[in-house]
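**Q** Structure provided below as structure tokens; questions to follow.
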Amino acid sequence: MVAATAPGKLILFGEHAVVFGEPAVSVAIDLRTEVFARPFDRWKVDGSDLGNRRYVYVKEALARVWEGGPLWLEIRSAIPIGSGLGSSAAVSVAVLSALLKMRGGFDVEKIAREAFEVEHTVQGRASPIDTTTSANGGGILVLTEQGRNFLWAIEKGQRRWFLHSWKAPKLTFVIGYTGINAPTGPLVERVRRFAESDSRGMNAVREIGKISLEGLEALKVDDLVKAGELMTRNHQLLNFLGVGHPALDRLIEAARSSSLGAKLTGAGGGGSMISLTERIEDTISAIQRAGGKAYAVTVDQRGTEVQG
Ligand code: MEV
């Protein structure tokens, strides 16, 4: 039996813009997905067959790297599905980690590359930020060219992402989950249509890219006030791009008085918001009063791990 685990992620700055190759900043968090795998006489995932739509990422991962016989797989996740916290990336990374470990070829870069291909195929369009964050752990920075602490470059068509690690401080964020499960693919497609047909859309994408770089600098020098302001501005631009949701704005508004800044995180359209706050309990209570599920997460340096 092989066991693999991979973390969820928070995008601090730059979601959606990163799909166009703009800079973005993310961290792995202390919510993980576990996958157990062993050879079996027929295919089984969580006791059911692989045909279930829920297992589309698992099936794509198997198609990419598995040439062996049938497997028994069990998946347990602490990351709510469709919540913007990287549940699909963590499943893809953990499944690929288990498969590559069984094949004798566990390699974090290969896992990050394959998991990106899985997400890209299933969603129709994606950046590698979620999957590299889950594979590598810690802080991830996407740049338009190679810089310090470079990990790898990933390409798709005309687009190229340069992935780097950055030394993320041990920050705690409060998550507010709307309870609305929003698939990423259609939201990414909506932004593509807007940005490719209207220069105001593309300008917003570019501005988000600049905010990501400024936000990273603010976090590096521990200027949380500045980082919070930039998060709030980033959220306004995401709303402008059409990926907000009234439920997200309600939670963000509720968190405002106890937070340094707040924004949606991940694809939007529902899902989750994050608050950068020094008043964790007050922020959790405010989000709960506004109807959200609220909890605190911290940055996790651990990426994918395997045993067995
Ligand atoms: C989703 O977590 C982040 C998006 O930027 C999509 C992607 O980067 O693949 C919306």
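Each reported figure results from applying straightforward, stated rules to the coordinates on display, with no laboratory input. Owing to the predicted nature of the structure, the values given are computational and were not obtained by experimental measurement. So basically every Cβ, Gly included, is an ideal-geometry build from the backbone, and we count neighbours across all protein chains shown.
**Q** Can you tell me the Rg and Dmax of the range 247-307, counting just the alpha carbons, in angstroms?
**A** Calculated on Cα positions, Rg and Dmax stand at 13.1, 44 Å.
**Q** Further question on the same structure: Take the chain, connect every pair of alpha-carbon atoms lying under 10 Å apart with a spring to form a Gaussian network, then pick out the residue of Ala112, Ala290, Ala90 with the largest mean-square fluctuation.
**A** Ranking Ala112, Ala290, Ala90 by mean-square fluctuation puts Ala290 first.
**Q** So in the chain, what percent of DSSP beta bridges are antiparallel if you round to the nearest 5?
**A** 95 percent
**Q** Hey, another quick one. Among Ser48, Val95, Trp66, whose Cα sits farthest toward the positive end of the charge dipole of the chain (+1 at Cβ of Lys/Arg, -1 at Cβ of Asp/Glu, about the Cα centre)?
**A** Farthest towards the positive end: Ser48.
**Q** Over the chain, what relative contact order in percent results from Cα pairs under 8 Å that are six or more residues apart?
**A** Details: 738 pairs, mean separation 78.1, N = 308.
That works out to 25 percent.
**Q** Turning to a different aspect of this structure: Under the definition of Cα pairs under 8 Å and six or more residues apart, what whole-number percent is the relative contact order of the range 80-160?
**A** Once normalised by length, the contact order is 26 percent.
**Q** Under 8 Å for C-alpha pairs, at least 6 residues apart: give me the relative contact order for the range 1-112, rounded to a whole percent.
**A** Reported as a whole number, the value is 32 percent.
**Q** When Rg is the radius of gyration of the Cα atoms in the range 115-173 and Rh is its Kirkwood radius, what does Rg/Rh come to?
**A** 1.00
**Q** I'd like the per residue volume of the convex hull spanned by the Cα atoms of the range 74-206, given in cubic angstrom.
**A** 150 Å³
**Q** Okay, next question. Please sort 266-274, 202-210, 126-134 by packing, taking for each peptide the average over its residues of neighbouring beta carbons within 10 angstrom, highest first.
**A** By packing density, highest mean first, the sequence is 126-134, 266-274, 202-210.
**Q** Calculate, in nm to one decimal, what Gln158 and Val221 gain on full extension: separation in residues at 0.36 nm each, minus their alpha carbon distance. Don't jump to the answer; show the numbers that get you there.
**A** On the way: separation 63, 0.36 × 63 = 22.68 nm, distance 3.42 nm.
Residue separation times 0.36 nm, minus the Cα-Cα distance, leaves 19.3 nm.
**Q** Which value in deg cm²/dmol, rounded to the nearest 500, describes the helix-derived mean residue ellipticity at 222 nm for the chain, given -39,500 (n - 2.57) per DSSP H run of n ≥ 4 and division by the residue count?
**A** My calculation for the chain gives -13000 deg cm²/dmol from helical runs alone.
**Q** Using the scaling law 2.2 N^0.38 Å as the reference, what is the normalised Cα Rg of the range 1-153?
**A** Normalised Cα radius of gyration, the range 1-153: 1.01.
**Q** Order of 172-184, 13-25 by packing, highest average Cβ count within 10 Å first?
**A** Going by the mean number of other Cβ atoms within 10 Å, highest first, we get 13-25, 172-184.
**Q** Take the chain, connect every pair of alpha-carbon atoms lying under 10 Å apart with a spring to form a Gaussian network, then pick out the residue of Phe106, Phe40, Phe240 with the largest mean-square fluctuation.
**A** The residue that fluctuates most here is Phe40.
**Q** For the range 43-110, what mean projected area does the convex hull of the alpha carbons give, in nm²?
**A** 4.8 nm²
**Q** Something else about it: With a ≥ b ≥ c taken as the square roots of the eigenvalues of the C-alpha gyration tensor of the range 201-252, please select rounded if a/c is under 1.5 and otherwise prolate if a/b is larger than b/c or oblate if it is not?
**A** Oblate is the answer for the range 201-252, as a/c is 1.5 or above yet b/c matches or exceeds a/b.
**Q** Binning every alpha carbon pair distance of the range 158-308 at 10 Å from zero, what are the percents per bin?
**A** Histogram of Cα-Cα distances, whole percents per bin: 11, 36, 37, 15, 2, 0.
**Q** Here's a follow-up. Pairs to check: Lys44/Lys110; Lys220/Lys263; Lys210/Lys263. Give those whose C-alpha atoms are more than 21 Å from each other in this structure. Numbers along the way, then the final one.
**A** On the way: Lys44/Lys110 25 Å; Lys220/Lys263 19 Å; Lys210/Lys263 16 Å.
Lys44/Lys110, as the Cα separations exceed 21 Å there.
**Q** Rounded, prolate or oblate: which fits the range 142-233 when a ≥ b ≥ c are the square roots of the eigenvalues of the alpha-carbon gyration tensor, with rounded for a/c under 1.5 and prolate only if a/b beats b/c? Mind dumping the intermediate values first?
**A** Working: a/c = 1.58, a/b = 1.18, b/c = 1.34.
In terms of gyration-tensor shape, oblate.
**Q** I'd like the per residue volume of the convex hull spanned by the Cα atoms of the range 1-89, given in cubic angstrom.
**A** Output value, Cα hull per residue: 116 Å³.
**Q** Then there's this: In vacuo Debye scattering of the chain, one point per C-alpha: log10 I(q)/I(0) at q = 0.09, 0.10 Å⁻¹?
**A** With no solvent term, the Cα-only Debye profile gives -0.41, -0.50.
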